[in-house]
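Some notes on the structure that comes next.
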Amino acid sequence: MTYAAQRDAHVPHATIDAPKDYLHITHTVKSWLLSTDHKRIGILYLISITGFFFVGAVAAGLLRLSLVVPDGSIFTNDTYNKLFTIHGVVMVWFFMIPSIPATFGNFLLPIMIGAKDLAFPKLNTTSWYVFMTGALFAMLSVLFGGIDTGWTFYAPLSTAFSNTYVSLALVGVIVVGFSSILTGLNFIVTVHTMRAPGMTWFRMPIFVWTMYAVSMIFLLATPVITMALILLVMERTFKIGVFDPALGGDPVLFEHLFWFYSHPAVYIMVLPGMGVISEIVPAFARKKLFGYKFVAYASIGLATITFFVWGHHMFVNGQSDYASVTFSFLSFAVAVPSAVKVYNWTATIHKGTLVLDTPMVYAMGYIGLFVIGGLTGLFLATLSIDEHVHDTYFVVAHFHYIMVGGTVLAFLGGLHYWWPKFTGRMYNEAWGRISAVLMFVGFNVTFAPQFILGYLGMPRRYHVYPAEFQLMNIMSSAGATILAFAYVFPFVYLLYSLWFGKKAPDNPWDAKGLEWMTTSPPPLHNFIKPPVVDFEAYDYAARVPEA
Amino acid sequence: MFGHALDIWPAAASANAVETDHLIIAFTVLTVLLTAPIFIGFTWFAIRYRRGVKADRRHGEVRSSAIEMTWMIGPFLLTLFFFAWGAQMFMRDKTLPAGGLQIDAIGRQWMWKFQHPGGQSEINDLHVPVGENVTMHMISQDVIHAFYIPSLRIQMDVLPDRYTNLWFKANRTGSYHLFCSEYCGTDHSVMGGTITVMEPAAYQQWLGASGSDMSLASAGEALFQSYGCSGCHQGQSTVRAPSLVGLYGKPVPLEDGRTVVADDSYIRDKILNPNNNLIAGYKQVMPAFKGVIAEDDLLRLVAYIKSTGVRAPM
Ligand code: HEM
Ligand SMILES: [Cu+2]
């Protein structure tokens, strides 16, 4: 019997009368493509974003290859520009933003609150189709020869001076935005209306809290970028004069609209990562999350104040100096609490019973990278430092620490944590740990030199650069090679586990949370009997001292 | 000429650069102090409380408001010192000094064009005197660019249709990089050159050697004639149009009751789009020069108007 069933008769005992799990009920391609089961849709997203991740990663590899020499002799300037644009566009809009919410959120949110499915299952299927349609447009623009505006699409470069397929890519991003909105809406309604009896707000796992917070950002911020990008397409097509000064427009207006979305978007990337880590750390320390309520409130708080700091992307663009000082101050007010959240995880493992399995190793790597990414963000929020390192490699290093550290490591940690639940199979533990360590090392070798490069003054999006920057660039590219292995490796052994892995038990980590109280993989409606929740989140029993 | 591959710190050619370095070093020290507990704590706990290791694991509350408030507010207050330091430096950087040397810069895909007040112009290279306040007065002809000099630790966006400024006082002679730091299209990464900081005497010599027949202002005066501005604005005959003598920097009363100060932007805009900001007491008959007069000629015209002395108070 599972631990939960032993302790509480209300919780269904999954292994009795186990019905067919969601993977095995039907097998046809159609049953997957038309599925309204949140779990299957989560898996569809997982497959799609993995594909996009590799597209983005190949572009990154080529960028790093090209930067080994300072004179730009490997590609033309145009090719380089198209590579970093597609890398940015794909990584931001087709990997990072949907990554944790659309995969783990879809799969786990209903299970974690004891629901049968999301509130609007058909809408959920629709949102995957919307996502794929948007991606199709963006991929077409690449096939037709690429775009060279950078993922930020600043006007008037993107409206009046680029003759690549900008509108096609923009339509892709606009369409993908609707998929975010639909997902966010679905999550919010689900959390409000579908919680199992006894699942009060303060019994929800932090992961659910962060999904809820992220959904608010999806709903409130996405319409702004949608509007801004639609205006951009209209400007390109009809020359309406919103952003192009030659037509009486204002290019700085676009920057405001863009960052009003794109700064909160950083928290779309960061909060889910925090959610995943807040599940993993207690599970592998066998201890309740330190300051649970505080972390829950902080997630909502961060999602709110992140709307007030967009101006820190524009300290040197001619905005009013007093506005800059205000945005700088507000950025400190957001950055400090998010950075010190890691103290909670540290306090959680204090006096715990630590198991350093793969998810935990990833989580530790995450914490290291996230701390560095977060604190260098404070440097950027400091006005006179930003005046020097704005738009240099310092920024590139910072956002990779936050995005790769904060999203990719959390994503992979979560993937290893919930893999047995998703697939019913175990992967090879030793390989898992090696991949996590490799990724941490490769990551630091790749991106740490870029802080130095940036402070030395190498601007970002530079294909040709002065020769004295070469050494750091070579180090960075060498690191990227390690990193490339670290990405391919889990891909290989996780796929391998699907056929050859050991069958996973229902609760391989002996973890808490409703998702571990059902079978691996779960049945169609998640639970055999609807669960009743009479326990707190992270209900790890205080251990009898071993001493 | 720019140092060696092994340098991990950029040259500092101004007091501002040195202070920026102090700021970032001090801030780094603080962040190391704040993060040390995390890195040390995590490693130490991970070893000490591993499963199978004997340790005292009795714990009380898993939540403590007092501790949480301390580690939220403590670091916040400590970092605020750096916010204030950075903001104060920034405001100083943004407050243009009175007087000094003004150099005009025009950014365009993909080169920088600089104009010294004496009319000397250069492309991608920039010569400035050491120890003197230099104000860069900048505008773009097409997309957004940004003017960046790492050894002075300053950069500023260069926008189309709008002047932005940046000032510095270099205190070390030498040659330093000059970059475009805002992505501006195909040749963005080669849009840059060298700034050479020279002894004042050497700068004067350089100005003489790359001499030009006419200062910016007198070139502007010639343009003022050739574009036909003088036909209406010349001399004391204010019948058709206001005299522009001494206009620069003065308040101008508008038709709708507002008043604007006649700065560079106002004058440039009035030349290009005279139908904006109608002036009180005059019939708008001036033709629009949008698309007719190029950015560098606009700079010359403004320089000329600026040079026409002080108008008697109205
Ligand atoms: C193998 C790991 C990676 C390497 C080697 C790498 C490398 C690079 C390089 C060389 C650039 C161009 C920098 C420039 O010239 O400004 C870049 C930009 C960028 N990267 Fe990565 N990257 C990696 C992974 C990622 C991941 C995983 C993400 C997101 C999840 C990401 C997001 C971005 C973004 C948003 C940009 C900005 C693109 C732009 O400036 O338009 N990168 N990366
Ligand atoms: Cu440029």
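The values are calculated or read from the model by the stated rules, or taken from the named source; none is laboratory data. This one's a predicted model, so the numbers in the text were calculated from it and none came from an experiment. Glycine also receives a Cβ, built like all others from the backbone with ideal geometry; neighbour counts cover every protein chain displayed. Calculation scope for accessible area: heavy atoms of the full protein, side chains included, ligands and nucleic acids excluded. Shrake-Rupley method; radii C 1.70, N 1.55, O 1.52, S 1.80 Å.
A few notes on this one:
- Of all residues in region A:469-480 being open to solvent by 30 Å² or more (accessible area, probe 1.4 Å) and either in contact with a helix residue (DSSP H, G or I) (Cβ under 8 Å, 6 or more places away or on another chain) or not in a helix (DSSP H, G or I) (or both), the one that is nearest to the other protein chains (Cβ to nearest Cβ): A:475
- The test for being open to solvent by 10 Å² or more (accessible area, probe 1.4 Å) and in contact with a Lys or Arg (Cβ under 7 Å, 6 or more places away or on another chain) holds for residue A:286.
- Pair list, Cβ < 6 Å and 6+ apart or interchain, from region B:177-198 residues that are more than 12 Å from ligand 2 (Cβ to nearest atom) and at pLDDT 95 or above to residues that are among the hydroxyl-bearing types (Ser, Thr, Tyr) and outside any loop (DSSP other than H, G, I, E, B): B:194/B:175; B:195/B:176; B:196/B:175
- Assessment of region A:317-325 against the conditions (within 30 Å of residue B:145 (Cα to Cα), in a helix (DSSP H, G or I) and within 20 Å of the chain's Cα centre (by Cα)) yields no matching residue.
- Residue B:221 being open to solvent by 50 Å² or more (accessible area, probe 1.4 Å) and under 24 Å from residue B:291 (Cβ atoms): yes
- Taking residues in region A:165-186 that are touching a residue at least 60 places away in the same chain (Cβ under 8 Å), and partners anywhere that are β-branched (Val, Ile, Thr) and part of a helix (DSSP H, G or I), the pairs with Cβ atoms closer than 6 Å and at least 6 places apart or on different chains are A:167/A:233; A:170/A:233; A:179/A:130; A:180/A:222.
- Every pair of residues 6+ apart whose Cβ atoms lie under 6 Å, when the first sits in region A:218-229 and is closer than 11 Å to residue A:180 by Cα while the second is modelled with pLDDT under 95 and among the aromatic types (Phe, Trp, Tyr): A:221/A:261
- Close pairs (7 angstrom Cβ cut-off, 6 or more residues apart or separate chains): assigned to a helix (DSSP H, G or I) in region A:53-78, within 16 Å of ligand 2 (Cβ to nearest atom) and of a type in the set (Val, Ile, Thr) anywhere: A:77/B:186; A:78/B:186
- Just one residue in the set B:134, B:130, B:143 is more than 10 Å from every other protein chain (Cβ to nearest Cβ), open to solvent by less than 10 Å² (accessible area, probe 1.4 Å) and either of a type in the set (Val, Ile, Thr) or free of Cβ contacts under 8 Å to residues at least 60 places away in the same chain (or both); that residue is B:134.
- Among residues of region A:398-436, those that are more than 14 Å from chain B (Cβ to nearest Cβ), under 30 Å from residue B:88 (Cβ atoms) and not aromatic (Phe, Trp, Tyr), counted: 1
- The helices (runs of 4 or more DSSP H) found entirely in region A:112-219 that carry 3 or more residues being within 14 Å of another protein chain (Cβ to nearest Cβ) are A:157-160.
- Which numbered condition residue B:113 fails, given (1) open to solvent by 20 Å² or more (accessible area, probe 1.4 Å); (2) within 10 Å of chain A (Cβ to nearest Cβ); (3) more than 30 Å from residue A:329 (Cβ to Cβ): (2)
- Scanning region B:138-149 for residues that are away from ligand 2 (no atom under 12 Å from the Cβ) and in contact with a helix residue (DSSP H, G or I) (Cβ under 7 Å, 6 or more places away or on another chain) yields a count of 1.
- Selected residue [touching a Lys or Arg at 6+ places or on another chain (Cβ under 7 Å), closer than 23 Å to residue A:432 by Cβ and either at pLDDT below 90 or more than 8 Å from chain B (Cβ to nearest Cβ) (or both)] from A:291, A:352: A:352
- Taking (1) in a helix (DSSP H, G or I); (2) over 26 Å from residue A:376 (Cα atoms) in turn, residue A:332 satisfies each apart from (2).
- For first residues located in region B:34-59 and at the interface with chain A (Cβ under 8 Å from one of its Cβ atoms), partners that are among the aromatic types (Phe, Trp, Tyr) and lie 6+ apart or on another chain with Cβ distances below 9 Å form the pairs B:37/A:343; B:37/B:71; B:38/A:343; B:38/A:345; B:41/A:343; B:42/A:345; B:55/B:49; B:57/B:49.
- Residue pairs whose Cβ atoms lie under 7 Å apart, separated by 6 or more positions or on different chains, with the first residue in region A:458-471 and basic (Lys, Arg) and the second more than 15 Å from ligand 2 (Cβ to nearest atom), are A:460/A:393; A:460/A:395; A:460/A:396; A:461/A:84.
- Of the residues examined, residue A:195 is not one that is modelled with pLDDT under 95, open to solvent by 20 Å² or more (accessible area, probe 1.4 Å) and charged (D, E, K, R).
- Residue that is closer than 28 Å to residue A:492 by Cα and outside any helix (DSSP H, G or I), where the choices are A:50, A:103, A:36, A:26: A:26
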